[in-house]
Amino acid sequence: MELSLAHPAIKAFMCGSFSGTCSTLLFQPLDLVKTRLQTLHSSMKPGSGRVGMVTVLMSVVRTERLVGLWKGMSPSFVRTIPGVGLYFSTYYSLKQHYFQDGCPGALQAVLLGGGARTVAGIFMLPVTVIKTRYECGRYSYGSVSGALRSVCRTEGPAALFSGLTATLLRDVPFSGIYVMFYSQAKASLPMEIRSSPSAPLANFGCGVLAGVLASLTTQPADVVKTHVQVNPQLRTVEAVRYIYMEHGLQGFLRGAVPRALRRTMMAAMAWTVYEQMMAQVGLKS
């Protein structure tokens, strides 16, 4: 079936999947470094020397070679291709259903982004759990499929949904805040820029600004989510207490730099590519 003949929601899914694939391939190393920073062993707590993004990056390259920075790529793709596609198709469907006659305001943009992320987040959570376990370096999984079998065998299928609350507390606000700032920033652009050949670059800049603001707002929830998924015996409240007791308030900001870089650049690129592709297939994003 040609893309031009497909249902609009299918077109949005395909455009979103392609945009997510491009951004994941480029920024996977930042996600791995973020996960390693957030799950440092107790022997590497503050006080034994500052461990930052560059230190972790060099450690991965030294022990696992350059290709180690792309560890977890398979589950990232498995999560991103359908996950981003599902996000954008849900976003498009909701927007077309509720806001056919005009652009959504700030509050409506928050609800649109949050609603689309809720659907995608719940469906793709098992892949996120396996990806986090595989990247963190704490488990000796030989492969992604081996990680999946091990988790199901030793902890049961329910473990694949560990961190659901923390994940939604992180992703739903991030998406809502991002869409709000992104849509408002785009609307504030002069018409001559929005209709010029440099519009994609201007949209990318709006995406970077929205991504930084959304990343910083939701960073603590991301740290909690990572700990719950790596330590399945912890519940969300217990993870919050553990992080505070072990690392203090600054523990909730661990991995903030690589995450902000990755989420900001991925989101900005994904939205820019998505909107350009939607325009190519004759749909308004």
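What follows draws every value from the coordinates through simple rules; no lab data is involved. Remember, predicted model here, so these are calculated numbers, not experimental data. Quick reminder, even Gly has a Cβ in these numbers, built from the backbone with ideal geometry, and neighbours come from all protein chains shown.
The table that follows gives values for the structure above.
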item	result
Modelled FRET efficiency - R0 22 Å, Ser145 with Leu66, Cβ distances, 0.05 increments	0.35
Relative exposure of Val223, Val67, Val172, judged by other C-beta atoms within 10 Å (fewest first)	Val67, Val172, Val223
Cut-off 12 Å between beta-carbons: net charge of the residues surrounding Ala214, Lys and Arg +1, Asp and Glu -1	+2
Residue-wise HN-Hα coupling along region 182-187, computed from phi with Karplus coefficients 6.51, -1.76, 1.60 (Hz; x: Gly, Pro)	5, 5, 5, 5, 5, 5
Rounded to 10°, Cα long-axis angle of helix 256-280 versus longest principal axis of the chain	30 degrees
Under 5 Å, built H, 5+ apart or other chain: amide partners of Val281	none
Around Pro258: net Lys/Arg minus Asp/Glu count, Cβ-Cβ under 13 Å	+3
Net +/- balance of residues flanking Leu30 in space, Cβ distance below 10 Å, scoring K and R +1, D and E -1	+3
Rounded to 10°, Cα long-axis angle of helix 73-98 versus longest principal axis of the chain	40 degrees
Ile10 paired with Ile193, simple spin-label distance in nm, labels 7 Å along Cα-to-beta-carbon	3.8 nm
Two-site FRET efficiency, His97 against Glu238, from Cβ-Cβ distance with R₀ of 45 Å, rounded to 0.05	0.70
For region 116-129, 3J(HN,Hα) per residue [Karplus equation, 6.51 cos²θ - 1.76 cosθ + 1.60, θ = phi - 60°, Hz, x = Gly/Pro]	5, 5, 4, 4, 5, x, 5, 5, 9, 4, x, 5, 4, 4
From phi via Karplus (6.51, -1.76, 1.60), per-residue ³J(HN,Hα) for region 219-227 in Hz, x at Gly/Pro	4, x, 5, 5, 4, 4, 4, 4, 5
Reachable lysines from Lys11, criterion Cα separation under 29 angstrom, eight or more residues apart if same chain	Lys95, Lys131, Lys186, Lys284
Distance from region 91-155 to region 209-277 (C-alpha centre basis), Å	14 Å
